[in-house]
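To start, the structure itself, in C-alpha cells.
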Amino acid sequence: MDCGPTCLRMIAKYYGKNIRLQRIRDLSGINREGVSMLGISEAAEKIGFRSQGAKLTLNQLKEIDLPCIIHWNQNHFVILYAIKKDIYYIADPGKGLIKYTKNEFYNSWISVHNNGSSQGIALMLSPSPQFYEQEGDKKEALDFSFLLRYLYKYKQLVIQLFVGLGIGSLLQLIVPFLTQSVVDIGINTRNLNFIYIILIAQTMLFLGRMSVDFIRSWILLHISTRVNISILTDFLIKLMKLPMSFFDTKMTGDIMQRMNDQKRIESFLTGSTLNTIFSVFNLVVFTFVLAYYNVNIFFIFLISSVLYTLWVIAFLKRRRKLDFKRFDISSKNQSSIVQLIGGMQEIKLNNCERQKRWEWEHLQAGLFRFSVKSLSLGQIQQAGAFFINEGKNILITFLVAKSVIDGQLTLGGMMAIQYIVGQVNSPIEQLLGFIQQLQDAKISLERLNEIHELEDEEPVGRNFLHELPSQKGIYLNNLHFTYPGAGNEPVLKGIDLNIAEGKTTAIVGMSGSGKTTILKLLLRFYLPQKGDIKIGATYLEQLGFGFWRNQCGVVMQDGFIFSDTIAKNIAVADDYPDISKLQHAIKVANITDLIDSLPLGLNTKIGAEGNGISQGQKQRILIARAVYKDPSYIFFDEATNALDANNERVIMENLESFFKGRTVVVVAHRLSTVKNADHIIVLDKGQIIEEGNHTELTEQKGAYFHLVKNQLELGN
Ligand SMILES: Nc1ncnc2c1ncn2[C@@H]1O[C@H](COP(=O)(O)OP(=O)(O)OP(=O)(O)O)[C@@H](O)[C@H]1O
C-alpha cells in the first residue's frame, strides 16, 4: 500500500535528501486503497521534483533519464534504475533489488496496447533547484531512549535487578574453581570430606542463584507489564488526538497490527534483553577466566564469537524487509477478518460466502508464502551459526584433550575449561535471539513512532479559545473543499452561508451534493482548502477542538452505538449519568416506551454485545445522546429518516421546543423534517442553488419544489 510513497522516498534519497515517508504519504493524498500515479506526481512536485507521467513503449523507456517510477503489474509501483543489455534493474519497495529479463519486464510493465504499440506507464522525475534548497527531514530514528523514559519510573527496581545480576554472576563465577578443586584436590588426595564440603558449597551456590533468578523474574514481570500498558495507553491517547482524516487513510487492520506488534517490545523487555545483559556480563567475566586458563583457547573463542556475530548481523537487512511484508499481510488479514464478521449480513444476503472466504484464503496463501521465506531465511542463518559454534566447540575439545595428554593441563583444569566453554556458549547463542528481538522491537517502535510523529488535531503549544463569542451565528464564507486523495473532485465549491443564531437551518439536496461534508467541516473533521468558517466574529479554527465539539449535539448518519447500557449510551461522556437530564433526553427522543418494555430498563445492554435494536431505535438513542448534552449547536444528518411517521411527528414536536434558542442545522430529505425550518438551502454539486423558507421555495417551483414534489402531492 505504501509502495508509491516509498518509491518517491527512495528517489529523493538517491538525489541526497531524506524525506519522511509520512510526509510523502500526506502530500500524495494517500487513502485506504493506496496512492495513484497522479498522487505521487503531486507529492513529487511539492518536494521539488519536476515530474512527467507518460505512456511509453519499451524503446522510448530506454531514452529517458533514470531512475523513474513505473507502474508494475497494474497494482504496484517500483523504480527502474538501470537498463543494461536488455536486463532491467528494478528496485522494488517490497522485494529489494531485482533484475528482470526483457520478457519478464515486458509482462509486468506493459499495461496498454495502443494502435499496435504496447505501452507501460512511467513517471519521470528530475530534481529542480527548489529540491536542493529545502531541508530534508531528520532521520526517523526512534532510539531506545523512548523505552528508557518508560523505564525511568522503575529505576529502583531496575537497580535491584542489576544487583541481582551481579550476585548471580559472582556465584556462578565460583563454580569452575570448585569443580577444579574437587578433581585436583579432593580426588587426588582421596579426601572425601573435602569433596563433601565442596559439594555442599556448590548446592548452596545453586540455591542462591535459583532464588536470585526467581526474584528477578517477578521484578521483570512487574516492570514489563506496567511499561507495556503505559506504551499502549500513550498510543491510544495519541490515536484519539489525531484528526479524522487519519482514519480515512488507515485501515483498521493497520492500527490493530501496530498495537499487536507492541507485544514484541514487551517480549524484548521481559524476555531476552535482561537475560542477555546478564549473560553478556557472564560472558565477559568467563572469557577472562578462560584467558587465565588458556590463551589459545581464548583466542579461538574470541574469533569464532566475532564471526558468529557478523553472521547474524549480515541477515538483519533481509529480516527487516521480510518484517515489513509480514506487517502488511498481517494488517490486511486483520482488516479482512473485521470485514468478514462486520459484513456477515451482506455476505449471506448476496450469497458471496465462497468469494469472501476465497479472498481470505488468498491472503492466507500470502501469509504462508511469507512464512516459508521467513523460515528458510531463519534456517540458513541458524545453520551458519550452528557450524561456527560447533566448529569452535570441537576445536576447543581437541585442544584441551591434547593439552591434558601432553601434560600441560590437569584433568581438573580440563573440566573447568569445558565448564567455562559451556557457560559462555549459551550467552553467545542467546545473542542471536537477542539481536533479532532487538531488531523486531526497533521496527515495532518505529511503527509506533510513525503514529506518534503525526501532528495532533489540537497541537500542544498553540493557544485556542475556550469561550464562545457573544454573537453565536455561524458564517461560511466562500468555502471550498476537496477530500484528501489525488484525483478527488471538489465537493464544495464556494459555499456562502449564514446560519442564524437560535434558528433552524435545513440543508437539502441530491445524494452526494455535499450536505454531510458541510457538517463535517462545521465539526472540524477536515479543514477547508479555501474560505473560512466563523462563529460570530471568531474564526472556527481559533476555538479548541474539544471545546467546540462540546458545544455541539450531533447525530451523524453512521452514528455508533457502543456495547453498553442504554443509559451509558445516552450519557457517553459522564461516568455517572445525571438522572433528570437522562429522563429529559429520553422524553424528547420518545424512547420511554422502549425502555419501559425492557426488564432492565435503562440498564439494558445494547450494541455489539447486547440486545439488538432497530434502526429507528438506534436513531432515537442517538438523538437522546445529543439532547442529553444540552448543547448550544445542533447538527442532525438524516437523524429521523428511519423513524415511522408517528414517532417522527412526536419527536419533531418535542424537538421543536428543544431547538428553541439553539442554533440548529438539519440535513434531511424528508419534507416533514425541513418544512418548519427558518431557513432552507438547496445544495447541488457543492453549490447553493436556492435558499429561503418552505413557502418561498415552494412558490418558486424550482429545485426545492422538485426535490419534495412527491411528498407535497401526498400532502405530507
Ligand atoms: N472520505 C471521503 N473521501 C473521499 N470522498 C468522499 C468522502 N466522503 C464523501 N466523499 C464524496 O463527497 C461527495 C459528497 O458527499 P456527502 O456525504 O457530503 O454527500 P451528501 O450530500 O451528504 O449525500 P447523502 O445525501 O447521500 O448523504 C460524494 O461524492 C462522496 O463520494
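Taking only pairs six or more apart or across chains, which ones have beta-carbon atoms under 8 Å, a first residue in the stretch 494-516 that is within 11 Å of Gln687 (Cα to Cα), and a second residue that is within 15 Å of the ligand (Cβ to nearest atom) and of a type in the set (Asp, Glu)?
Gly509/Asp684; Ser513/Asp684; Lys515/Asp637
What number of residues within the stretch 52-69 satisfy the criterion of being closer than 14 Å to Ile79 by Cα and part of a strand (DSSP E or B)?
3
Go through the stretch 247-292 and give me each residue that's of a type in the set (Ser, Thr, Tyr), more than 25 Å from Phe387 (Cα to Cα) and at pLDDT 75 or above.
Across the stretch 247-292, the qualifying residues are Thr252, Ser267, Tyr292.
If you go through the stretch 606-634 one residue at a time, how many are in a helix (DSSP H, G or I) and of a type in the set (Phe, Trp, Tyr)?
Number satisfying all stated conditions: 1.
Out of curiosity, is Asn294 over 24 Å from Leu173 (Cα atoms), surrounded by 15 or more Cβ atoms within 10 Å (Cβ to Cβ) and touching a helix residue (DSSP H, G or I) at 6+ places or on another chain (Cβ under 9 Å)?
Answer is no for this residue.
I'd like to check something: does the stretch 455-472 contain any residue that is within 16 Å of the ligand (Cβ to nearest atom), touching a Pro at 6+ places or on another chain (Cβ under 6 Å) and open to solvent by 30 Å² or more (accessible area, probe 1.4 Å)?
Scanning the stretch 455-472, I find no residue that is within 16 Å of the ligand (Cβ to nearest atom), touching a Pro at 6+ places or on another chain (Cβ under 6 Å) and open to solvent by 30 Å² or more (accessible area, probe 1.4 Å), so the answer is no.
Please go through the stretch 475-505 and give me each residue that is more than 36 Å from the chain's Cα centre (by Cα), of a type outside the set (S, T, N, Q) and either open to solvent by less than 60 Å² (accessible area, probe 1.4 Å) or near the ligand (Cβ under 10 Å from one of its atoms) (or both), ordered by number.
Leu497, Ile499, Ala500, Gly502
So which residues in the stretch 472-499 are part of a loop (DSSP other than H, G, I, E, B) and modelled with pLDDT of 90 or more, if there are any at all?
Gly473
If you go through the stretch 594-614, how many residues are closer than 18 Å to Gln345 by Cβ and at pLDDT 80 or above?
The qualifying residues number 3.
Would you point out the residue of the stretch 367-411, among those that are hydroxyl-bearing (Ser, Thr, Tyr) and touching a residue at least 24 places away in the same chain (Cβ under 8 Å), that is nearest to Ser330 (Cα to Cα)?
The selected residue is Ser374.
For the stretch 569-605, how many residues are assigned to a loop (DSSP other than H, G, I, E, B) and hydroxyl-bearing (Ser, Thr, Tyr)?
Number of matching residues: 2.
Among the listed residues Gly39, Gly29, identify the single one that is open to solvent by less than 60 Å² (accessible area, probe 1.4 Å), part of a loop (DSSP other than H, G, I, E, B) and over 25 Å from Gly366 (Cα atoms). Quick ask: steps written out before the conclusion?
Details: Gly39 fails: part of a loop (DSSP other than H, G, I, E, B).
Of Gly39, Gly29, the one residue that is open to solvent by less than 60 Å² (accessible area, probe 1.4 Å), part of a loop (DSSP other than H, G, I, E, B) and over 25 Å from Gly366 (Cα atoms) is Gly29.
Among (1) away from the ligand (no atom under 16 Å from the Cβ); (2) under 34 Å from the mean Cα position of the chain (by Cα); (3) not aromatic (Phe, Trp, Tyr), there is one condition Gly186 misses while meeting the rest; what is its number?
Status for Gly186: all satisfied but (2).
Could you say which residue among Ile40, Ile83 is touching a residue at least 24 places away in the same chain (Cβ under 8 Å) and aliphatic (A, V, I, L, M)?
Working: Ile83 fails: touching a residue at least 24 places away in the same chain (Cβ under 8 Å).
The match here is Ile40.
Report, by residue number, each residue of the stretch 526-536 that is open to solvent by 30 Å² or more (accessible area, probe 1.4 Å) and more than 15 Å from the ligand (Cβ to nearest atom). Please lay out each step first, then the result.
First pass over the stretch 526-536, keeping only residues open to solvent by 30 Å² or more (accessible area, probe 1.4 Å): 527-532, 534.
Lys530, Gly531, Asp532, Lys534 - these are the residues of the stretch 526-536 that are open to solvent by 30 Å² or more (accessible area, probe 1.4 Å) and more than 15 Å from the ligand (Cβ to nearest atom).
Given the options Phe268, Phe301, name the one that is open to solvent by less than 20 Å² (accessible area, probe 1.4 Å), more than 12 Å from the chain's Cα centre (by Cα) and over 30 Å from Thr6 (Cα atoms).
The match here is Phe301.
Take the stretch 537-552 and flag every residue that is surrounded by 14 or more Cβ atoms within 10 Å (Cβ to Cβ) and either under 30 Å from the mean Cα position of the chain (by Cα) or closer than 16 Å to Met240 by Cβ (or both).
Result: Leu540, Glu541, Gln542, Leu543, Gly544, Phe545, Phe547, Trp548, Arg549, Asn550, Cys552.
Considering only the stretch 86-117, state which residues are at pLDDT below 85, in contact with a strand residue (DSSP E or B) (Cβ under 6 Å, 6 or more places away or on another chain) and either closer than 15 Å to Leu56 by Cα or part of a helix (DSSP H, G or I) (or both).
Residues satisfying the conditions are Ser111, Val112.
Which residue out of Asp261, Asp248, Asp234, Asp213 is of a type in the set (Asp, Glu), in contact with a Gly (Cβ under 9 Å, 6 or more places away or on another chain) and closer than 26 Å to Gln334 by Cα?
Of Asp261, Asp248, Asp234, Asp213, the one residue that is of a type in the set (Asp, Glu), in contact with a Gly (Cβ under 9 Å, 6 or more places away or on another chain) and closer than 26 Å to Gln334 by Cα is Asp248.
Could you check Thr57 against (1) among the hydroxyl-bearing types (Ser, Thr, Tyr); (2) touching a residue at least 60 places away in the same chain (Cβ under 8 Å); (3) surrounded by 19 or more Cβ atoms within 10 Å (Cβ to Cβ) and say which number it fails?
Unmet condition: (3).
For residues that are in contact (Cβ under 8 Å) with a residue 60 or more places away in the chain and either open to solvent by 40 Å² or more (accessible area, probe 1.4 Å) or out of contact with any Leu (no Cβ under 7 Å at 6 or more places or on another chain) (or both), tally how many sit in the stretch 93-128.
13
Which one of Ser657, Ser672 is in contact with a Ser or Thr (Cβ under 9 Å, 6 or more places away or on another chain) and either touching a residue at least 24 places away in the same chain (Cβ under 8 Å) or within 18 Å of Lys503 (Cβ to Cβ) (or both)? First the steps, then the outcome.
Details: Ser657 fails: in contact with a Ser or Thr (Cβ under 9 Å, 6 or more places away or on another chain).
Exactly one residue qualifies, and that residue is Ser672.
Looking at the stretch 506-525, is at least one residue open to solvent by 50 Å² or more (accessible area, probe 1.4 Å), away from the ligand (no atom under 13 Å from the Cβ) and closer than 25 Å to Lys629 by Cβ?
The answer is no; no qualifying residue exists.
For residues that are among the aliphatic types (A, V, I, L, M) and within 34 Å of the chain's Cα centre (by Cα), scanning just the stretch 593-626, find the one that is most open to solvent (accessible area, probe 1.4 Å).
The residue in question is Ala608.
How many residues are more than 32 Å from the chain's Cα centre (by Cα) and not hydrophobic (A, V, I, L, M, F, W, C) if we restrict to the stretch 562-592?
10
Just for the stretch 633-651: of the residues that are of a type outside the set (Val, Ile, Thr) and open to solvent by 40 Å² or more (accessible area, probe 1.4 Å), which one is farthest from the ligand (Cβ to nearest atom)? Outline the logic, then answer.
From the stretch 633-651, those of a type outside the set (Val, Ile, Thr) are 633, 635-639, 641-649; that's our starting set.
Next, only the ones that are open to solvent by 40 Å² or more (accessible area, probe 1.4 Å) stay: 641-642, 644-646, 649.
Working: Asn641: 10, Ala642: 14, Asp644: 21, Ala645: 20, Asn646: 24, Arg649: 22 Å.
Residue satisfying both the conditions and the ranking: Asn646.
The values are calculated or read from the model by the stated rules, or taken from the named source; none is laboratory data. For clarity, every value in this text was computed on a predicted model and none was experimentally measured. So basically every Cβ, Gly included, is an ideal-geometry build from the backbone, and we count neighbours across all protein chains shown. Calculation scope for accessible area: heavy atoms of the full protein, side chains included, ligands and nucleic acids excluded. Shrake-Rupley method; radii C 1.70, N 1.55, O 1.52, S 1.80 Å.
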